[in-house]
1. Thr16 passes all but one of (1) in contact with a strand residue (DSSP E or B) (Cβ under 8 Å, 6 or more places away or on another chain); (2) surrounded by fewer than 10 Cβ atoms within 10 Å (Cβ to Cβ); which number fails?
2. Go through the range 19-39 and count every residue that is surrounded by 10 or more Cβ atoms within 10 Å (Cβ to Cβ) and more than 11 Å from the chain's Cα centre (by Cα).
3. Which residue pairs have Cβ atoms closer than 7 Å, lie 6 or more positions apart in sequence or on different chains, and pair a first residue in the range 5-18 that is free of Cβ contacts under 8 Å to residues at least 12 places away in the same chain with a second residue that is in a loop (DSSP other than H, G, I, E, B)?
Amino acid sequence: MKYIEIRLTKYRLFLTEAELTALLAQNPELWAEAVRRGKAITRARAALKRNSKE
């Protein structure tokens, strides 16, 4: 079974994908914000990668 590690200041959480999905499903606004943030971070990383090749 694969676990997702979430590092916090004093703790490390290990959740399965199903557990994390169930938690996020309880708060749709948090789910939407996390998806938006993920897209922005992915785009920023891709842009940095393109710029560093030049």
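1. The number of the failed condition is (2).
2. The number of residues fulfilling the criteria is 9.
3. If the second residue must be in a loop (DSSP other than H, G, I, E, B), the pairs left are Phe14/Tyr3.
Computed from the coordinates by the stated procedures, all read-outs in this text should not be read as laboratory data. The structure presented is a predicted model; accordingly, all values stated were derived computationally and were not measured. With ideal geometry, Cβ positions are generated from the backbone for all residues, glycine too; neighbour counts draw on all protein chains shown.
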